[in-house]
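Okay, structure first, notes after.
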Amino acid sequence: MSFRVVGLLASSAVGALLLTALHVPAGGLFGAVLGSGLFSWIESSGPLPEPYRFAGLALIGTIAGASVRPELGAMLVHLALPVTVAVALLIAVWLSLTRLLVRTTGMDRPTALLSTVPGGLSLISAVVDQTKADLQTVLAVHLVRVLIVVVLGVPILGAVIHLFRWMP
Amino acid sequence: MTATILALGLGGAGALTGHFLRLPFGALLGALVSVGAFELGTGMELGLHPSWQLVAQVLIGATIGAQLRPEALRAFRRIIGPGLAAVLLTVLAGVGLGWLLVVLTDVDPRTALFGLMPGGVGEMTAAAAALGGEASLVALMHLARLLVVIAVLPVLLRYLTDKPGRRHSKNDDS
């Protein structure tokens, strides 16, 4: 295991433990991103090797699978239509934002479309090679989106949800 | 201890299967299906100790944090105003739709909000699990979103690149 991998994981763990100890909502994830982000910014450590990401996804999938309840099937049926409508609306927002970026920045359409797609970064990385889209811009916009969601969105939503649980 | 080993073993096998079958987010989906199917089929609960959740968060968080480098954000600086607006609007749309789902159905707020928040599948599932939401449902909602995007994206890309290629300027109203 190289120094950069050890450093990334150690800084991630320190951040996760610190913010969990401070009772920050979803502090584990938030702290892990902050800790490893700081290390990466300073050391320019490069991406984490794929096996570690695989292990993280496998573990979270295992945890999610262990939380499956018999009512999940009924919940999926009950939510099928609302979630379908919600996803359709998200797609509409995506296309509107593509137009916004094209008009306000002069960005080419494929880059704008891929920059605003509400999809996984790995999916986008697989597709961008087949287009004339600007990879650096696409990746930068998605990185900012994920950072905003994890660093701001998750703790704020967690705090709001926690607050509402105590309201009459 | 036995339940932990069984859960990790099943999850690992499912993750590898999902990966080799080239499913979207195969590791996550494969592990979820494998462990979930075992629990539903046997009635046995394979809950993992909360420390495993922290391990998952460390690994997933490190994946994101490792991408944070000055050069990675340099491209964003060129489009910072509209780029930030697009990102914030995407996030707000996800939160707004999640809240609408809470109002219109009886789904738990943590599940609805993290199920529609436009973050990564792994990250949102981990966040939902950390906050006591239905992690499996959140993962499935995100995977449904990804499947729609996978289906629609090639069509849109082809449509956009087949149109006469021209760059729009700020003053172009057509």
Build a GNM of chain B with springs between Cα atoms under 10 Å: which of B:Gly81, B:Gly11, B:Gly132 gets the top mean-square fluctuation? B:Gly81
Give the residue list of GluC sites (Glu not before Pro) in the range B:34-83 that are DSSP loop and have at most 14 other beta-carbon atoms within 10 angstrom. B:Glu45
Ignoring ligands and nucleic acids, B:Trp52 exposes an accessible area, probe 1.4 Å, in Å² to the nearest 10, of 80
Residues meeting the amide H criterion for A:Asp134 (H placed from the backbone, H to H distance under 5 Å, 5 or more places apart or on another chain) are A:Thr111
Taking chain B as a Gaussian network, where each spring joins two C-alpha atoms under 10 Å apart, which residue of B:Leu116, B:Leu40, B:Leu21 fluctuates the most? B:Leu40
For peptide B:97-104, the mean count of other chain Cβ atoms within 10 Å per residue Cβ is 3
For A:Ser45, residues with placed amide H under 5 Å, excluding near neighbours: none
Just flag the trypsin sites (Lys or Arg not before Pro) in the range B:33-89 sitting in loop per DSSP whose Cβ has no more than 15 other Cβ atoms within 10 Å. B:Arg78
In terms of the Cα gyration tensor, with a ≥ b ≥ c the square roots of its eigenvalues, is the range B:90-148 rounded because a/c is under 1.5, prolate because a/b exceeds b/c, or oblate? rounded
Which whole number gives the average, over all residues in A:45-55, of C-beta atoms from other chains lying within 10 Å of the residue C-beta? 5
Explain nothing, just compute: Karplus ³J(HN,Hα) = 6.51 cos²θ - 1.76 cosθ + 1.60, θ = phi - 60°, for every residue of the range A:83-92 in order, whole Hz, x for Gly and Pro. 5, 4, 5, 4, 5, 4, 5, 4, 5, 5
Over the range B:14-115, what number does the Rg to Rh ratio reach, with both radii from the alpha-carbon atoms and Rh per Kirkwood? 1.07
Going by average Cβ density within 10 Å per residue, which order do the peptides A:27-36, B:28-37, A:153-162, B:98-107 take, highest to lowest? A:27-36, B:28-37, A:153-162, B:98-107
Helix B:2-20 vs. chain B, principal-axis angle (Cα, 0 to 90°, nearest 10): 40
Let me make sure I get this right: for chain A, a, b and c are the square roots of the gyration tensor eigenvalues over alpha carbons, sorted descending. Under 1.5 in a/c it's rounded, otherwise prolate if a/b > b/c, else oblate. Which is it? oblate
Taking beta carbons within 10 Å but only from partner chains, what does the mean come to for residues B:1-13? 2
Among B:Leu104, B:Leu48, B:Gly11, whose Cα lies farthest out toward the positive end of the dipole of the protein assembly as shown, if unit charges sit on the beta carbon of Lys, Arg (+1) and Asp, Glu (-1)? B:Leu104
Karplus-derived 3J(HN,Hα), 6.51/-1.76/1.60, for each residue of the range A:136-153, Hz, glycine and proline x: 4, 5, 4, 5, 5, 5, 5, 5, 4, 4, 5, 5, 4, 5, 6, 7, 10, x
Ratio of the Cα radius of gyration of chain B to 2.2 N^0.38 Å, where N counts its residues: 1.26
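The values are calculated or read from the model by the stated rules, or taken from the named source; none is laboratory data. Predicted, not measured: the structure shown is a model, and the values here were computed from it. Cβ atoms come from the backbone with ideal geometry, glycine included; neighbour counts cover every protein chain shown. The area values use the complete protein model at the heavy-atom level, side chains included, leaving out ligands, DNA and RNA. Shrake-Rupley method; radii C 1.70, N 1.55, O 1.52, S 1.80 Å.
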